[in-house]
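Read the structure below first, then the notes.
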Amino acid sequence: MSKKHDAIFDDVLSGLDSGPAPKAERAGARFLNRSNRVAERMSGDIEEKSLRWVDPGECRMWERHNRAYDLLSEDNCRDLIDGIRSQGRQEFPAIVRKTSDPNQPYEVICGARRHFAINWLRANNYPQFRYLVDVRELTDEEAFRLGDIENRDREDISDYERARDYADAVTRYYGGKQKAMAARLEVSEAWLSRYLQLAKLPNEIVEAFPSIREIKELHARTLKPFLGRPEDREKLLETARQMATDGISRDGVQVMNVFKAALKPPASTKADPVSLQSSSEKPAITYKRKGKKVVLEFPADVHKDDLQEAFAIFLDRHFAANRD
């Protein structure tokens, strides 16, 4: 039914109930509505939520929260801070579960950015704001999956943060079985494998980046074949150590460019051919290096004496250079 038809239909029906309902009828309707809601709750059709407004100081981050809380800032939470301030309240509750700590009775499973935003507002002339939480009973594995579902498609959580979370979870909850974890998260094994590979980047590589937020899943795929070859691996690690201490400011793209440059073979220097002359001052031999070989050329009609003299000069130069 179109919106226009809906409007007409609603307008017609509104005329059938224009008068006030008798008091008894209103009371009966309230009782019937309440009875229906109780029945729905008991049947499981409605799930009751336990929403509370709390002081953010009463909440701590779950130790395995997939977001690095210390990387949150006014800048990267600005959109959320402005949104909460303009609305006058936090619209969507964070998901928490209870702890045994009386000072911090809740731990945050989902909602780190909301927690930071409320804290920031309270510390910056908006003390009236409180933190809206949805209190749930969750196992650690359920908490992990819930956090992953909420943040999987968000751009404000980095590939590397997600990769670390997955690497911990595959061992902690799924016995190291990627297939079981992929099935539980409803993702492909190949997709999950790429993130688990990212989490295996050596510490030296990670520390070469200005922030873990700059490390992308694509970076691990690019470096993986080189890290598997001992000579290239050592070259990458040495380059990473230099970048970590040289004091030069680089973003993620620039870091990868330095790695790529370190892996490039040195540009081949094509030496010009060298001509050797006999005492008659006629070029008798021309030679040049070609990889690990030396190529000699001489005219077909060269005189034997000239060739012998030029060749003797070549031998002296060649073996003298090798001795050096």
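Backbone N atoms of segment 115-135 closer than 17 Å to the 7 Å Cα→Cβ label point of Asp79 belong to residues 115-118. Principal axis extents of the C-alpha atoms in segment 158-200 (largest first, rounded to whole Å): 23, 20, 14. One chain, two ends: Arg172 and Leu71. Fully extended at 0.36 nm per residue, the span grows by 33.9 nm beyond their Cα-Cα distance.
Take peptides 182-188, 121-127 and line them up by average Cβ neighbours within 10 Å, highest first, as a rough protection proxy. Mind dumping the intermediate values first?
Details: 182-188: 14.1, 121-127: 12.3.
Highest to lowest by the protection proxy: 182-188, 121-127.
Give the relative contact order (percent, whole number) for segment 158-200; include only Cα pairs under 8 Å separated by 6+ residues. Taking the mean separation of contacting Cα pairs over the length of segment 158-200, I get 51 percent. Taking other Cβ atoms within 10 Å as a rough exposure proxy, Thr239, Thr245 sort from fewest to most as Thr245, Thr239. Distance from the C-alpha centroid of segment 198-268 to that of segment 63-129: 34 Å, rounded to the whole angstrom.
Tell me, in nm to one decimal, what length is gained between Arg229 and Ala180 on full extension, where the rule is 0.36 nm per residue of separation less the Cα-Cα distance? Present the calculation step by step, with values, prior to reporting the outcome.
Working: separation 49, 0.36 × 49 = 17.64 nm, distance 3.05 nm.
Gain on stretching Arg229 to Ala180: 14.6 nm.
Note the full-extension length gain between Thr99 and Tyr126 as 0.36 nm times their separation in residues minus their Cα-Cα distance, in nm to one decimal. Could the numbers behind the result be given before it?
Working: separation 27, 0.36 × 27 = 9.72 nm, distance 2.76 nm.
Going from the current span to full extension adds 7.0 nm.
Among Val206, Val108, Val170, a tally of other beta-carbon atoms within 10 Å of each Cβ gives an order, fewest to most, of Val206, Val170, Val108. Approximating the spin labels as points 7 Å out from Cα along Cα→Cβ, the Gln242-to-Glu142 distance works out to 5.3 nm. Under the rule a/c < 1.5 gives rounded, and otherwise a/b versus b/c splits prolate from oblate, where does segment 201-263 land using the Cα gyration tensor? Because a/c hits 1.5 or more and a/b fails to exceed b/c, segment 201-263 counts as oblate.
Every read-out reported here was derived from the displayed coordinates using simple, explicitly stated rules and does not represent laboratory data. On a predicted model such as this, the values are computed, not experimentally measured, just so you know. Counting neighbours? That spans all protein chains shown, and the Cβs are built from the backbone with ideal geometry, glycine included.
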